[in-house]
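Heads up: the structure comes next, in C-alpha cells.
The values are calculated or read from the model by the stated rules, or taken from the named source; none is laboratory data. Computed from a predicted model, the values in this text were never measured in an experiment. Don't worry about glycine lacking a Cβ; one is built from the backbone with ideal geometry, like all the others, and counts go over all protein chains shown. What goes into the accessible areas is simple: the full protein's heavy atoms, side chains included, and nothing from ligands, DNA or RNA. Shrake-Rupley method; radii C 1.70, N 1.55, O 1.52, S 1.80 Å.
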Amino acid sequence: VQTTLLCHYQTTIAITKMTICSLYTVLLLLAASLSVSKADHTNSHIFSDGTVESMDGIDCLGMVTDYDGAMDGNNRLLLACLTDDFQLLGVPNVSTDWIMEKMRNGMMKSGRTRLRFPAGTLVNSFLLDHLPDVFDNSGAAFGDYGGDRRLNRRLNKFKRTGSYDLAILRIISDGAGKTTTPSATELQQEILSTTDVNIRTQIAACSFNQLTLAPATGVLLSGGVASMTTFAHPGNGNLDDPTQYNNFLNYINDLLGQLFVANGNSLPADFIQICLPPDTIAGTKSLGFFNSFLSVFNSDVCTYTSYNMHEFGHNLDLNHSSDVLFSPGMDSQFGDQTGYMGLSYLQVHGPEMCFNAAKSFQLGWYTTKTNTCTPEACAPCQVDLGGLVSYQDPSVDWVLLKIQDPLSGTDYYLTYNNATGFNAGTNEGINQVIVNTQASEGMEANFSQLVGMLDAGTNATYMGFNGTDELLIEVVSIQNGMASVQVSSGTCGNPGTIGDPHFRTWQNEHYEYHGQCDLVLVRDPTFADNKGLEVQIRTKLIRFWSYIKSAVIRIGTDILEVQGDADMQGNAKYWFNLEYQAEDMSQMGGLFPVTVHVRSEKKRIVTIDLDAFYPNQKIVISTWKEFVKVDFVNPSLEAFGNSVGMLGDYQTGKTYARDGTTVLNDFWQLGEEWQVLPSDDMLFFATEYPQFPETCLEPEEAQGEQRRRQRRLGESNVSLEEAEAACSSLIKGDPLTIKDCVYDILATQDLDMVGAF
C-alpha cells in the first residue's frame with residue numbers, strides 16, 4: 001500500500017518516483033507469475049527467463065472482449081482470464097471461431113465460466129500457451145478474488161438491475177510518456193454528473209431506475225475518478241499481435257493492481273472504465289469485456305456518451321446491433337442506429353437513446369409490459385405498442401413484442417421507436433415500428449439484426465418462419481404515441497370468395513350467403529392513387545344453395561370479367577373492356593399486368609399483378625368448371641385499408657352497412673345491403689335477373705341451412721369421411737377452409753370440388 005501511495009503522490013524527486021514505481025511494477029509482475037495457481041495452491045516451476053510452468057494447472061475466470069484492429073468491421077474476439085489474485089492473463093492461441101463456438105454451444109460464458117488450464121501450462125509474462133480443457137459453469141467454482149465483496153457480488157450474480165458504483169481511471173503518465181487528455185474534473189462532469197446526458201443519466205432513464213450508477217469512493221478516488229501513474233508501456237496497441245496483447249494486459253494489470261492494493265486488496269467499484277492516453281488502442285477506440293466490470297477507451301472518446309453506453313452494454317453481456325438494411329459503405333455489424341449497440345457518435349452529451357428491441361428484451365427492464373406471441377395460421381397477434389419511454393404510462397399495456405419462432409431459435413422483437421424524452425436522439429427508424437431479430441435471446445453473444453422499419457399502413461414479409469412459413473408484420477396505424485401492429489403467419493387462405501359461395505373477410509372470418517343477385521365484393525375509390533378499384537360478383541341459385549358464376553373487376557377505366565364454364569373448353573371465359581377474350585389485355589389501369597393461365601383441364605386462372613404499386617400482392621380470379629373464386633393474395637392495409645363491401649372493414653373486420661356505421665352481423669342482411677344498385681355502376685357486360693329494385697332471390701328454404709345440412713350429412717354417394725380426407729390432403733393449415741370444402745363436396749356430391757379450393 002505504501003509503495004502504491006508513493007507512486008500516486010510522489011511529485012518531488014523524479015528519480016525516487018521512477019525507482020519506487022518501477023520496483024512496484026516488477027514486484028506486481030513477479031507476484032502475478034508466482035500466484036496464478038493460488039486457487040489450487042499448486043506447484044510451479046520458474047525458468048530463468050521468467051516463464052512459469054504450472055505443474056498442476058491454472059484456474060481462472062474467462063473474460064471475452066471484441067477488437068477491430070483493422071477497422072474493417074470484422075471484429076475479432078479476444079480471450080482473457082481473471083485469476084483469483086486479480087490479474088488478467090491472455091490466451092492468444094485461440095481464434096474468434098473457437099471462442100464463438102464455445103459461447104454458442106453453452107460451454108463458455110464470459111464472466112461466468114471458470115476455465116481450467118492443464119498441468120504444464122506455461123505463463124510467459126501475462127500470456128498462457130495452452131487452451132483450457134475444463135469449462136466449469138456450476139458457480140460453486142468461482143474464486144474469492146482476494147475476499148473482495150464487491151467483485152464477488154458483480155461476478156457471481158448475473159444481474160442488470162440494482163445500484164452499482166462506477167470508477168473512472170485516468171493516466172497522469174505512463175511508460176510511453178503519454179497522459180490522458182481529459183482532466184479529472186472533465187471526467188467527473190462529462191461522465192458522472194447528473195445534470196447532463198451521459199452514461200449515468202441514460203442508464204437510469206432507460207431502465208426506469210432499475211439500474212443506477214454512482215461515483216465510486218475509496219483510496220485514490222475523488223468524485224469517482226482516480227488519476228494514476230504507471231511505468232508500464234502499453235505497446236503499439238495492436239492486440240492481434242501476442243506481444244502487444246501482453247504489453248496491453250501488463251499495462252491494464254498495473255492500473256487495476258494499484259487500485260486493488262491501495263484499497264486493501266479490494267475493488268472500490270462494481271464497474272471500472274479506464275480512460276487511456278490517445279491512441280493507446282490501435283484501430284478501434286474502445287473495448288468492453290462481456291458480462292464483466294471492465295471497459296477501456298482512448299482519450300478522444302472516453303467522454304462520449306454513446307461510446308460509454310456501447311461498452312457498458314458489453315459489460316451487461318449485450319453484443320452488437322447489426323443492420324441487414326445498411327447503406328453501402330456502412331459497417332453492417334454496427335449498422336443499427338436505433339440504439340447504442342450499433343454505431344457510436346462523436347458527441348459528449350448524447351445522443352439520447354437506449355437499446356433496440358432485441359437488446360431491451362435481453363436486459364429485462366420492460367418485462368411487465370412485454371408481450372410474447374407465436375402467431376399461427378388464422379390466429380394473428382394484434383398488439384398496440386407504446387414507445388419504451390411510455391413504460392410507466394398506466395394507459396400503455398405493451399412497449400415490447402417478442403415473436404417466437406418455434407423451430408429456428410431466432411426470434412423477432414418489435415418496439416415503437418418513439419423519438420421523445422430519453423429516446424429523442426435516436427438516429428434511425430424515427431417514430432417507426434422497429435423489427436429486430438436475435439438468436440437465443442442474445443445469450444450466446446449473438447448479434448441482433450435490424451430487419452425492418454415500418455410506417456403506418458406498411459408491412460414486411462419474412463420467409464422461413466417456423467420452418468417454411470411466411471411471417472407478415474403489418475403496422476395498422478401510428479397515432480398519439482402508439483403503434484397498432486398485427487402479426488400473422490402460415491397459410492390461412494386469402495380473403496375473397498369461393499365455392500357455393502363462402503366469403504372470407506379481411507380478418508379471416510368465414511360466412512356464407514346463398515342469395516342470387518349481383519353483389520359489391522370490394523370497392524375503394526382511392527386505390528392506386530385514386531385510380532379506384534371495384535370488384536362485383538354474380539351468384540346463381542341452385543334450389544337450396546348457390547355459387548358464384550362470374551366476377552368482374554374495374555381498375556381505373558379498365559374492366560375485366562371472368563365467368564365459369566361447366567364444359568371448360570379452351571381458354572378461360574373472359575371479357576376485357578367488353579371484348580371477349582381480347583388480345584390486348586396486357587395491363588389494367590395502365591399499371592397492373594394481367595396473365596391468363598390454363599392450370600388443368602378444369603381450372604383456369606386469371607392474375608392481376610399489383611406489384612407495381614403494392615409489392616407481392618395480387619388479385620386472382622380462378623374458375624373450376626362453373627365455379628368462380630376470387631382471391632386477394634397478400635393483401636395489405638396500404639392497398640385495401642379504405643375498402644368497403646362484402647369483405648368488411650380491413651382494419652377491424654366489422655361487416656358494415658353502406659352508411660359505414662351500422663354493423664350487420666346477419667349475413668343475409670349484409671348481402672341485401674351490398675346488392676349492386678344503379679348508382680354503383682353495373683359492371684357486367686350483360687344484365688341478369690334480379691336487378692334492383694328486385695331483391696336478391698332466396699333459396700327455397702330460408703338460407704337453406706336445414707335442407708343443406710340434411711343433404712350433406714344424410715345418405716349420399718360421398719361420405720363425410722371421404723370428403724374430409726379429400727379436403728385435408730390438399731388444404732393445409734386452415735380448418736375453416738377445410739370445413740367449407742367438405743360442405744361443398746357434400747352439397748355437389750363431387751369429390752373433384754376440392755379443386756375449386
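The C-beta contact set for the range 244-272 (first residue within 22 Å of residue 125 (Cα to Cα) and polar (S, T, N, Q), second residue in a helix (DSSP H, G or I) and open to solvent by less than 10 Å² (accessible area, probe 1.4 Å), distance under 6 angstrom, 6+ apart or interchain) comprises 258/4. Note on the range 78-112: residues that are farther than 22 Å from residue 251 by Cα and β-branched (Val, Ile, Thr) amount to 2.
Against the conditions (1) closer than 29 Å to residue 361 by Cβ; (2) surrounded by fewer than 22 Cβ atoms within 10 Å (Cβ to Cβ); (3) modelled with pLDDT under 85; (4) of a type outside the set (A, V, I, L, M, F, W, C), where does residue 494 fall short? Just the number, please. Of the numbered conditions (1) closer than 29 Å to residue 361 by Cβ; (2) surrounded by fewer than 22 Cβ atoms within 10 Å (Cβ to Cβ); (3) modelled with pLDDT under 85; (4) of a type outside the set (A, V, I, L, M, F, W, C), the odd one out for residue 494 is (1). You will find that of 521, 541, the residue that is touching a residue at least 40 places away in the same chain (Cβ under 8 Å), farther than 30 Å from residue 98 by Cα, surrounded by 22 or more Cβ atoms within 10 Å (Cβ to Cβ) and more than 27 Å from the chain's Cα centre (by Cα) is 521 and no other.
Here's a check for you: in the range 563-604, which residue that is in contact with a Ser or Thr (Cβ under 6 Å, 6 or more places away or on another chain) and closer than 15 Å to residue 550 by Cβ is modelled with the highest pLDDT? The residue in question is 563.
Of the set (1) in a helix (DSSP H, G or I); (2) open to solvent by 50 Å² or more (accessible area, probe 1.4 Å); (3) farther than 22 Å from residue 549 by Cβ, all apply to residue 672 but (3). In the range 288-303, the qualifying residues are those that are closer than 11 Å to residue 275 by Cα and not small (Gly, Ala, Ser), and the one that is surrounded by the most Cβ atoms within 10 Å (Cβ to Cβ) is 302.
When the range 507-518 is filtered for residues that are under 29 Å from residue 593 (Cβ atoms) and either crowded, with 22+ Cβ neighbours inside 10 Å or free of Cβ contacts under 8 Å to residues at least 24 places away in the same chain (or both), only 518 remains.
Yes/no matrix, rows are residues, columns are (1) small (Gly, Ala, Ser); (2) surrounded by fewer than 18 Cβ atoms within 10 Å (Cβ to Cβ):
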| residue | (1), (2) |
| --- | --- |
| 101 | no, yes |
| 104 | no, yes |
| 114 | no, no |
| 117 | no, no |
| 126 | no, no |
| 135 | no, yes |
| 138 | yes, yes |
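Those strands (runs of 3 or more DSSP E) of the range 517-570 in which at least 3 residues are over 20 Å from residue 588 (Cβ atoms), considering only elements entirely within it, cover 533-542, 545-555.
Of all residues in the range 678-694, those that are under 24 Å from residue 525 (Cβ atoms) have Cβ atoms under 8 Å from Cβ atoms of residues that are β-branched (Val, Ile, Thr) and part of a loop (DSSP other than H, G, I, E, B), 6 or more apart or on another chain, in 682/676; 691/676; 692/676.
Consider the range 643-663. How many of its residues are farther than 18 Å from residue 525 by Cβ, in contact with a strand residue (DSSP E or B) (Cβ under 7 Å, 6 or more places away or on another chain), assigned to a loop (DSSP other than H, G, I, E, B) and not hydroxyl-bearing (Ser, Thr, Tyr)? Residues meeting the conditions: 1. Of the strands (runs of 3 or more DSSP E) lying entirely inside the range 338-431, those containing at least 1 residues that are hydrophobic (A, V, I, L, M, F, W, C), in contact with a helix residue (DSSP H, G or I) (Cβ under 8 Å, 6 or more places away or on another chain) and over 20 Å from residue 324 (Cβ atoms) span 400-403. Residue-level check: of (1) more than 13 Å from residue 207 (Cβ to Cβ); (2) at pLDDT below 95, residue 369 misses just (2). If you go through the range 171-211 and keep only what is in a helix (DSSP H, G or I) and either modelled with pLDDT under 95 or open to solvent by 40 Å² or more (accessible area, probe 1.4 Å) (or both), you end up with 185, 186, 188, 189, 190, 200.
Looking across the range 454-475, the residues that are touching a residue at least 40 places away in the same chain (Cβ under 8 Å), open to solvent by less than 30 Å² (accessible area, probe 1.4 Å) and of a type in the set (A, V, I, L, M) come down to 471, 473, 475. Of the strands (runs of 3 or more DSSP E) lying entirely inside the range 212-306, the ones with 2 or more residues being in contact with a His (Cβ under 9 Å, 6 or more places away or on another chain) and hydroxyl-bearing (Ser, Thr, Tyr) are found at 225-229.
Do we find that residue 261 is modelled with pLDDT of 95 or more, more than 22 Å from residue 278 (Cα to Cα), of a type in the set (A, V, I, L, M) and open to solvent by 10 Å² or more (accessible area, probe 1.4 Å) in this structure? So residue 261 fails the test. Counting just the residues of the range 387-410 that are more than 18 Å from residue 210 (Cβ to Cβ) and touching a residue at least 40 places away in the same chain (Cβ under 8 Å), which one comes out most open to solvent (accessible area, probe 1.4 Å)? Among those that are more than 18 Å from residue 210 (Cβ to Cβ) and touching a residue at least 40 places away in the same chain (Cβ under 8 Å), it is 407. For the range 641-663, the set of residues classified as open to solvent by 20 Å² or more (accessible area, probe 1.4 Å) and more than 28 Å from the chain's Cα centre (by Cα) consists of 642, 644, 649, 654, 656, 658, 659, 660, 661, 662, 663, listed by residue number. The selection criterion, being more than 27 Å from residue 652 (Cβ to Cβ), β-branched (Val, Ile, Thr) and surrounded by 16 or more Cβ atoms within 10 Å (Cβ to Cβ), holds for residue 426. Counting only residues that are within 30 Å of residue 744 (Cβ to Cβ), in contact (Cβ under 8 Å) with a residue 12 or more places away in the chain and surrounded by fewer than 18 Cβ atoms within 10 Å (Cβ to Cβ), the range 580-596 holds 2 of them.
Residue count for the range 615-640 under the criterion of being in a loop (DSSP other than H, G, I, E, B) and open to solvent by 10 Å² or more (accessible area, probe 1.4 Å): the result is 6. Restrict the check to the range 683-693 and report whether at least one residue is surrounded by fewer than 19 Cβ atoms within 10 Å (Cβ to Cβ) and modelled with pLDDT under 90. No, the conditions are met nowhere in the range 683-693.
When you scan the range 480-489, do you find a residue that is open to solvent by 20 Å² or more (accessible area, probe 1.4 Å), under 15 Å from residue 634 (Cβ atoms) and in a strand (DSSP E or B), even just one? There is at least one residue in the range 480-489 that is open to solvent by 20 Å² or more (accessible area, probe 1.4 Å), under 15 Å from residue 634 (Cβ atoms) and in a strand (DSSP E or B). Tally time: how many residues in the range 372-386 are over 15 Å from residue 358 (Cα atoms), open to solvent by 10 Å² or more (accessible area, probe 1.4 Å) and β-branched (Val, Ile, Thr)? Count: 1. Just wondering, is there one or more residues in the range 399-414 that are basic (Lys, Arg) and under 30 Å from residue 493 (Cα atoms)? Yes, some residue in the range 399-414 is basic (Lys, Arg) and under 30 Å from residue 493 (Cα atoms). A count restricted to the range 607-631 and to residues that are at pLDDT 90 or above and in contact with a Phe, Trp or Tyr (Cβ under 7 Å, 6 or more places away or on another chain) stands at 5.
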